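Everything on this sheet refers to the single structure shown next.
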């Protein structure tokens, strides 16, 4: 059995226990007797800290803790991490516990705990609710350029009627400060706004905001940085914060800067929201929209003197998302919208990729010939799987397409 073996040369181990272990833990005492002096990678799931505390060794470079029936306070987590000086990868999911606070959780959000510095950390993954994330990050210090993944499993908290309600700005401030301190100095290369599903007690829908920053060639710093913030889409999770309407907008603002060049979106939005949320991104040159609809085309079109959305756009990809198909009316609207942009900018869109099940009718295709340089028709892809194939030039090969029809 494992408990009787010589494990002095073991570098990696994963332990998993029955979730919500209560009462007697005599059957797990053997874990506390394990001797792993060379351990570097440790993954644990659904076990109490007391069971595996002896394995949290200074030699660790990778640590993953998922689930804890009792939860760990922020001070316990910070003291544990401070004893792991070589840590490079850290994952904490469903294990942070914030006790009920008569003062409305403000003391924790203000970073009252001493800062814990993880000098060598390169990747941080944190899954908890908003209060838990904000409280932990307020007392955590990691190097600039660290990859960050944060999943907010709820934005609610226990509200006491005799305490002053928390404001959105109070809760988001520690997260904003943390991101500002860790974000790489590299230019923001790409942003993806996408929808996902995650399984917990129930299946929950999320919006993911993902950014990529890439170092210029020849740079001595880390080559890239990825940041992801995932937020539940259900309004029920937003009902306890005053001013909650701006939660997603604020989180997006923390991640995005005006130097953004490439944008992917698969979240449907009203035309006004396209301009309100993304109107400041004037340097976007490549745009991929899954589930493009009339609201998007309306936002993209020239509108009589109003600032043009994505004025430097060169390459547009529009893709069906499986819930609707691009019909002939939509095709005509795309053509009209791009024509209005051409009239204002006095130049064609360099490239349009249409990812749909059926090729568009001859009429709309012919009209697009005058407003785009290169046109492609491809089958739909997942937003993360980019493929640039089967292209043809609208002014040369388009005539061959028309003749074949």
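Values quoted throughout were computed directly from the atomic coordinates according to the rules given, and no laboratory measurement underlies them. Everything quoted here is computed from the prediction, not taken from an experiment. Cβ sites come from the backbone with ideal geometry, for glycine too, and all protein chains shown count toward neighbours.
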Could the peptides 209-216, 33-40 be put in order, highest first, of the mean number of other beta-carbon atoms found within 10 Å of their residues? 209-216, 33-40
Sorting 317, 117 on the 10 Å Cβ count, fewest up front, what's the list? 117, 317
So if R0 is 45 Å, what FRET efficiency would residue 327 and residue 223 give, r being the distance between their Cβ atoms, rounded to the nearest 0.05? 0.55
Using label points projected 7 Å from each Cα along Cα→Cβ, tell me how many nm separate residue 381 and residue 282, to one decimal. 3.1 nm
Taking 0.36 nm per residue of sequence separation and subtracting the Cα-Cα distance, how much length would be gained by fully extending the chain between residue 180 and residue 359, in nm to one decimal? 59.9 nm
Based only on other Cβ atoms within 10 Å, what is the fewest-to-most ordering of 226, 131? 226, 131
Fewest Cβ neighbours within 10 Å first, please rank 30, 288 accordingly. 30, 288
Treat each spin label as a single point 7 Å out from the Cα along the C-beta direction, and report the residue 38 to residue 272 distance in nm. 6.5 nm
Quick check on the stretch 290-386: what are the equivalent-ellipsoid semi-axes from the Cα gyration tensor, as sqrt(5λ), descending, whole Å? 21, 14, 13
Computed over the stretch 303-384: relative contact order in percent, which uses C-alpha pairs under 8 Å that are six or more apart: 35 percent
